[in-house]
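Peer 1: The structure follows.
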């Protein structure tokens, strides 16, 4: 059964005191909870990573792909 987007999970993270202080300051100034700030930062990081990965994948040319024989070799190693 899938959890709804409104269901929150409590997690524990370890960060250096300076980062915690900055997180608390931003939270107080913006009125956004520390949890939401961390969630927003992670979403932003993942969006940038997706954009970066997409740009790298867009540069792949047909000649860059392994041959059918190479694919079969890779698949047999994985299985």
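We did not get these values from a lab; they are worked out from the coordinates using the rules stated. Since we're looking at a predicted model, the values are computed, not measured.
Peer 1: Viscosity 0.692 mPa s, temperature 37 °C: give me the Stokes-Einstein translational D for the chain in µm²/s, with Rh taken as the Kirkwood radius over C-alpha pairs.
Peer 2: Working: Rh = 17.2 Å.
The Stokes-Einstein estimate is 191 µm²/s.
Peer 1: Right, another one. Which of these, 69, 24, 51, has the largest mean-square fluctuation under a Gaussian network model of the chain (Cα springs below 10 Å)?
Peer 2: Comparing 69, 24, 51 in a Gaussian network model of the chain, the most mobile one is 69.
Peer 1: How are the Cα pair distances of the range 2-43 distributed, in percent, across 5 Å bins from 0?
Peer 2: Values per bin, smallest distances first: 5, 18, 27, 26, 14, 6, 4, 0.
Peer 1: Helix-only mean residue ellipticity at 222 nm, the chain, DSSP H runs n ≥ 4 weighted -39,500 (n - 2.57), per residue, nearest 500. What is it? Mind showing how you got there, number by number?
Peer 2: Details: 3 runs with 50 residues, N = 79.
Helices in the chain give a 222 nm mean residue ellipticity of -21000 deg cm²/dmol.
Peer 1: Could you work out the per residue convex hull volume over the alpha carbons of the range 38-79, in cubic angstrom? Each step should come with its number before you reach the end.
Peer 2: On the way: hull volume 3.4 nm³, N = 42.
Once divided by residue count, the hull of the range 38-79 is 80 Å³.
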